[in-house]
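The values are calculated or read from the model by the stated rules, or taken from the named source; none is laboratory data. Every value quoted in this text rests on a predicted model; they were computed, and no experiment measured them. Cβ atoms come from the backbone with ideal geometry, glycine included; neighbour counts cover every protein chain shown. Please note that ligands, DNA and RNA were not included when accessible areas were found on the heavy atoms of the full protein model with its side chains. Shrake-Rupley method; radii C 1.70, N 1.55, O 1.52, S 1.80 Å.
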Amino acid sequence: MEVAVVNAYNLTPRELEAARIAAEGLSNRQVAEQMQISEGTVKQYLYHVYDKVGVWNRDQLRYKVESLK
């Protein structure tokens, strides 16, 4: 699944990781803690992910991630 998502949307490995965690319903702070990065970095990753994937929120992101499995 990961390779397909990266290739389909040109996501970096870290963007993909942030997207997968966020799609589970975790907050930016929780994603940051799990990835051991700042909350600001998570926000930047998700900003890029939403733009590349063509979604506006986590619910839409969750749907996209699920549809690619």
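Between Ile37 and Asn10, the FRET efficiency estimated from the beta carbon spacing at R0 = 25 angstrom works out to 0.75. Looking at the chain, the accessible area is 64 square angstrom per residue; that uses a 1.4 Å probe and ignores ligands, DNA and RNA. Of the solvent-accessible surface of the chain, computed with a 1.4 Å probe and all protein chains present, 48% belongs to carbon and sulfur.
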